[in-house]
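Student: First the structure, which I've put down as structure tokens, then a few questions once you've had a look.
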Amino acid sequence: MCALITGLLWQVQGARATSGDAGDLLARVADLVAGEQDTHARVSLALGVLVEPIEIGSDRPTLPLGTSLDSVTWEGPVCRIALTFPVGTDSYFLEDGIADGISEVLAQVVADRADFGGVRIVARIGTTDEYRTIDDFVQHAGPGVYPPLREDAEILKDTGAPITRAARTGPIGNAGHQPTGALSGVTVFAAAGHGWTAGSSTWFLQRGLVLDMIEDYGNLDQLNYFVNYLFNAGATVVPFRPVGYQDIEVVLDQDDPGVTYVGGWGNSTGNPHYENGVTASGVHYRFAGTNVTESAVARYTPTLPEAGFYPVYTWALDGVNRAPQLYRVKHSGGITEVVVDHRMVGRGWVWLGSYYFEAGTDGYVEISNESSVAGNVIADAIRFGNGIGDIVGAGPGTISGHPRDEECQRYWAESEVTQNAVGMPTSIYNCCSTDDSDNVGTGARWAREMNNETVNTDRWRRIYLEFHSNAAGCGSIPCGAKGTVGLVTGNATTNQVAYATILGDEIKQDMQILDSTEFEFTWGSRTNPYNGSFGAISTSNNSNEFDATILEVAFHDNTEDTAML
């Protein structure tokens, strides 16, 4: 989420990568306000640029022509900017990426205080309208509408005989089960910003190379560390960029060769479901009633082309009649058991951990009906590995050629929501005029579809965090700004301010404790939270079903922070 120069400039250039001259919108703003001391005057000058067309050859401006600046005031460390749009302005004329960019441009224009806490932009249409946060003018799609469950609307009564199992050991020993910890029973939706994106004619990275670091890759690295900590603390983990750095993929749907069943399983034609097209049986997924003693098992045995570490994921439709579902992962180190409560989460890939598998068919994942909770367990799809991106970018007309995890999350969603899954809304990944803008809220919208907040309504049991690194907008000149900050948007979730503040402050304090032994420099101190317009954590995309924040971990245009990153 870079600021003035290294941020929106990359977005604008990427969206029109072959236009030759991007117009240098942001650099022009910087040049225009240079030397002007009055804050109100600086904002007014910037608005003069923002009402010009955002794309060459387009008549669509960033802000409507005729937008007026009403006031610039300070609310503590936060700058409040009030605008009036001309009468006739569409109530939803902005896209996430554009709203985020406007916020960052204006923040850069007024950021001349040591304790600067961001901007809060409010606007109205005509002078008789009431002021609203700029987030209210962003296009948004509501959650998907799904038909009621069919054959498995009731809990299937299990009458099967118990299964006798051999001792659960492997070559090294029994790997046991996912640890129980402070996050047991909590679903964490985790994302990493940016990645390879299709522009008008080429694929591009949303952020450029600064001090030998590219944010798109740094965010992914942070996500990969983070999900392992979550898993070891007991959380159910849903990543919105693939984790595990595995370019090979093998996906088994419930009716594919390599999937076998023992015990009583029913067939369902319910939606949504996963369909990889290998076998067209007409069965969308299978289900079995739970039993305190295991009496039904589905086993997914992949044929892996080479040995290595593979992330393992499950796809199952959530529902009120589900039960905490036992997964048994057989890998080269033994067997690991993981439980996912599909009453709370489904309709997308839930990560079961990453494990080392030998080449061939020695490993597998089992779905067991063993549970003390009455309900159904679901057998739909199991994924091993992540693969190479397979979405053809509309502008370039080609695939990216990069691993899925290096692409922005928009393409992971398109592949898995439309190309394979059936019955999911395309608005999860396709909301806006550019893939860049689509990507901003994709994780939030998919998390909303996967989350079932009607079951176990404790709000703290589901939460969203997205990783970014920051930049003060100094281009090739190293900056003085450094440290960690949590972000807050205009249409904030219920506890977003507290969440961003606690998280940002906690990381700052933890890192400063480690300074003397772990780091070559002192970790920076910043004021939390930071205000702006951020579609990734706005209620317009997540419907306020869970709390969300973005963590700007450190500044990648600061030489000290970059070294520590």
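The values are calculated or read from the model by the stated rules, or taken from the named source; none is laboratory data. The shown structure was predicted, so the numbers you read here are calculated from the model rather than taken from an experiment. Glycine also receives a Cβ, built like all others from the backbone with ideal geometry; neighbour counts cover every protein chain displayed. The protein model used for the area step is the full one, side chains on, heavy atoms only, and it has no ligands, DNA or RNA in it. Shrake-Rupley method; radii C 1.70, N 1.55, O 1.52, S 1.80 Å.
Student: Go through (1) open to solvent by 10 Å² or more (accessible area, probe 1.4 Å); (2) in a loop (DSSP other than H, G, I, E, B) and name the single condition Glu294 misses.
Tutor: For Glu294, the failing item is (1).
Student: Among the residues of the stretch 466-478, are any at pLDDT 95 or above, under 30 Å from Pro272 (Cα atoms) and touching a Gly at 6+ places or on another chain (Cβ under 9 Å)?
Tutor: Yes, some residue in the stretch 466-478 is at pLDDT 95 or above, under 30 Å from Pro272 (Cα atoms) and touching a Gly at 6+ places or on another chain (Cβ under 9 Å).
Student: Also, I was wondering about something else. Which residues, taken from the stretch 405-435, are open to solvent by 10 Å² or more (accessible area, probe 1.4 Å) and assigned to a helix (DSSP H, G or I)? Steps first, answer last, please.
Tutor: Residues of the stretch 405-435 open to solvent by 10 Å² or more (accessible area, probe 1.4 Å): 406, 410, 414, 418-420, 422-427, 429-435.
Selection gives Glu406, Arg410, Glu414, Thr418, Gln419, Asn420, Thr426, Ser427, Asp435.
Student: Scan the stretch 309-321 and tell me whether some residue there is over 26 Å from Val455 (Cα atoms) and crowded, with 20+ Cβ neighbours inside 10 Å.
Tutor: Taking the stretch 309-321 first, the residues over 26 Å from Val455 (Cα atoms) are 309-311.
From what is left, the residues that are crowded, with 20+ Cβ neighbours inside 10 Å are 310-311.
Yes, the conditions are met somewhere in the stretch 309-321.
Student: Quick test for you: out of Glu560, Glu518, pick the one residue that is crowded, with 17+ Cβ neighbours inside 10 Å and more than 20 Å from the chain's Cα centre (by Cα). Let's see the steps before the verdict.
Tutor: Values: Glu518 fails: crowded, with 17+ Cβ neighbours inside 10 Å.
Of the residues listed, the single one that is crowded, with 17+ Cβ neighbours inside 10 Å and more than 20 Å from the chain's Cα centre (by Cα) is Glu560.
Student: State all residues of the stretch 297-308 that are surrounded by fewer than 23 Cβ atoms within 10 Å (Cβ to Cβ) and either in contact with a His (Cβ under 7 Å, 6 or more places away or on another chain) or in a loop (DSSP other than H, G, I, E, B) (or both); if no residue qualifies, say none.
Tutor: Thr301, Thr303, Pro305, Glu306, Ala307
Student: Counting only residues that are within 21 Å of the chain's Cα centre (by Cα) and not in a strand (DSSP E or B), how many does the stretch 309-333 have? Show your work before the answer.
Tutor: So in the stretch 309-333, the residues within 21 Å of the chain's Cα centre (by Cα) come out as 310-318.
If we keep only those that are not in a strand (DSSP E or B) too, we end up with 316-318.
Final tally of qualifying residues: 3.
Student: Only residues that are under 30 Å from Thr236 (Cβ atoms) and polar (S, T, N, Q): list them for the stretch 178-218, please.
Tutor: Gln178, Thr180, Ser184, Thr187, Thr197, Gln206
Student: Could you please let me know if Asn386 is within 20 Å of Val227 (Cα to Cα), open to solvent by less than 40 Å² (accessible area, probe 1.4 Å), touching a residue at least 40 places away in the same chain (Cβ under 8 Å) and among the polar types (S, T, N, Q)? Steps first, please.
Tutor: Values: within 20 Å of Val227 (Cα to Cα): yes; open to solvent by less than 40 Å² (accessible area, probe 1.4 Å): yes; touching a residue at least 40 places away in the same chain (Cβ under 8 Å): yes; among the polar types (S, T, N, Q): yes.
Considered against the rule, which asks whether it is within 20 Å of Val227 (Cα to Cα), open to solvent by less than 40 Å² (accessible area, probe 1.4 Å), touching a residue at least 40 places away in the same chain (Cβ under 8 Å) and among the polar types (S, T, N, Q), Asn386 comes out as yes.
Student: If you don't mind, there's one more thing I want to ask. Kindly indicate which of Trp523, Trp460 is over 25 Å from Ala82 (Cα atoms) and buried (at least 18 other Cβ atoms within 10 Å of the Cβ).
Tutor: Details: Trp460 fails: buried (at least 18 other Cβ atoms within 10 Å of the Cβ).
Answer to the check: Trp523.
Student: Hey, among the residues in the stretch 334-377 that are closer than 19 Å to Leu317 by Cβ, of a type in the set (A, V, I, L, M) and more than 28 Å from the chain's Cα centre (by Cα), which one's surrounded by the most Cβ atoms within 10 Å (Cβ to Cβ)?
Tutor: Ala374
Student: Restrict the check to the stretch 250-263 and report whether at least one residue is open to solvent by less than 10 Å² (accessible area, probe 1.4 Å), in a loop (DSSP other than H, G, I, E, B) and either touching a residue at least 40 places away in the same chain (Cβ under 8 Å) or not charged (D, E, K, R) (or both).
Tutor: Yes, the stretch 250-263 contains at least one residue that is open to solvent by less than 10 Å² (accessible area, probe 1.4 Å), in a loop (DSSP other than H, G, I, E, B) and either touching a residue at least 40 places away in the same chain (Cβ under 8 Å) or not charged (D, E, K, R) (or both).
Student: Tell me which residues, restricted to the stretch 514-540, are aromatic (Phe, Trp, Tyr) and in contact with a Leu (Cβ under 9 Å, 6 or more places away or on another chain).
Tutor: If we filter the stretch 514-540 for residues that are aromatic (Phe, Trp, Tyr), which is where we start, we get 519, 521, 523, 530, 534.
Listed by number, the residues that qualify are Trp523, Tyr530, Phe534.
Student: Based on this model, can you work out whether Asn531 counts as modelled with pLDDT of 95 or more, farther than 23 Å from Leu223 by Cβ and surrounded by 20 or more Cβ atoms within 10 Å (Cβ to Cβ)?
Tutor: Yes, satisfied.
Student: Inside the stretch 379-397, can you point out the residues that are in a strand (DSSP E or B) and touching a Gly at 6+ places or on another chain (Cβ under 9 Å)? Spell out how you get there, then give the answer.
Tutor: Going residue by residue through the stretch 379-397, those that are in a strand (DSSP E or B) are 379, 381-385, 388.
Result: Phe384, Gly385, Ile388.
Student: Do you know which of the residues in the stretch 197-240 that are open to solvent by less than 10 Å² (accessible area, probe 1.4 Å), of a type outside the set (Ser, Thr, Tyr) and touching a Cys at 6+ places or on another chain (Cβ under 8 Å) is modelled with the lowest pLDDT?
Tutor: Gln206
Student: Does the stretch 133-141 contain at least one residue that is farther than 26 Å from Ala447 by Cα, modelled with pLDDT of 70 or more and open to solvent by less than 10 Å² (accessible area, probe 1.4 Å)?
Tutor: Taking the stretch 133-141 first, the residues farther than 26 Å from Ala447 by Cα are none.
No, the conditions are met nowhere in the stretch 133-141.
Student: Is it true that Asn456 is within 25 Å of Gly277 (Cβ to Cβ) and in a loop (DSSP other than H, G, I, E, B)? Spell out how you get there, then give the answer.
Tutor: Working: within 25 Å of Gly277 (Cβ to Cβ): no; in a loop (DSSP other than H, G, I, E, B): yes.
So Asn456 does not fit the description; no.
Student: Out of the stretch 264-282, which residues are assigned to a loop (DSSP other than H, G, I, E, B), open to solvent by 20 Å² or more (accessible area, probe 1.4 Å), out of contact with any helix residue (DSSP H, G or I) (no Cβ under 8 Å at 6 or more places or on another chain) and touching a residue at least 60 places away in the same chain (Cβ under 8 Å)? Show your work before the answer.
Tutor: As a first pass, look at the stretch 264-282 and keep what is assigned to a loop (DSSP other than H, G, I, E, B): 264-265, 269-272, 275-282.
With open to solvent by 20 Å² or more (accessible area, probe 1.4 Å) added as a condition, the list becomes 264-265, 269, 271, 275-282.
Of the ones still in play, those that are also out of contact with any helix residue (DSSP H, G or I) (no Cβ under 8 Å at 6 or more places or on another chain) are 264-265, 269, 271, 278-282.
Within the stretch 264-282, Gly264, Trp265, Thr269, Asn271 meet the criteria.
Student: Next question, about the same structure. Can you report the number of residues in the stretch 84-132 which are open to solvent by less than 60 Å² (accessible area, probe 1.4 Å), at pLDDT 90 or above, of a type in the set (A, V, I, L, M) and under 24 Å from Ser433 (Cα atoms)?
Tutor: 8
Student: Restrict the check to the stretch 389-403 and report whether at least one residue is within 22 Å of Asn452 (Cβ to Cβ) and open to solvent by less than 30 Å² (accessible area, probe 1.4 Å).
Tutor: We begin by selecting, within the stretch 389-403, every residue within 22 Å of Asn452 (Cβ to Cβ); these are none.
No; the residues of the stretch 389-403 include none that is within 22 Å of Asn452 (Cβ to Cβ) and open to solvent by less than 30 Å² (accessible area, probe 1.4 Å).
Student: Among what's in the stretch 490-503 and is out of contact with any helix residue (DSSP H, G or I) (no Cβ under 9 Å at 6 or more places or on another chain) and more than 18 Å from Val119 (Cα to Cα), pick the residue that is surrounded by the fewest Cβ atoms within 10 Å (Cβ to Cβ). Before you say what the answer is, go through the steps one by one.
Tutor: Filtering the stretch 490-503 for residues out of contact with any helix residue (DSSP H, G or I) (no Cβ under 9 Å at 6 or more places or on another chain) gives 497-499, 501-503.
Filter again for more than 18 Å from Val119 (Cα to Cα), leaving 499, 502-503.
Details: Tyr499: 22, Ile502: 15, Leu503: 19.
In this case the residue turns out to be Ile502.
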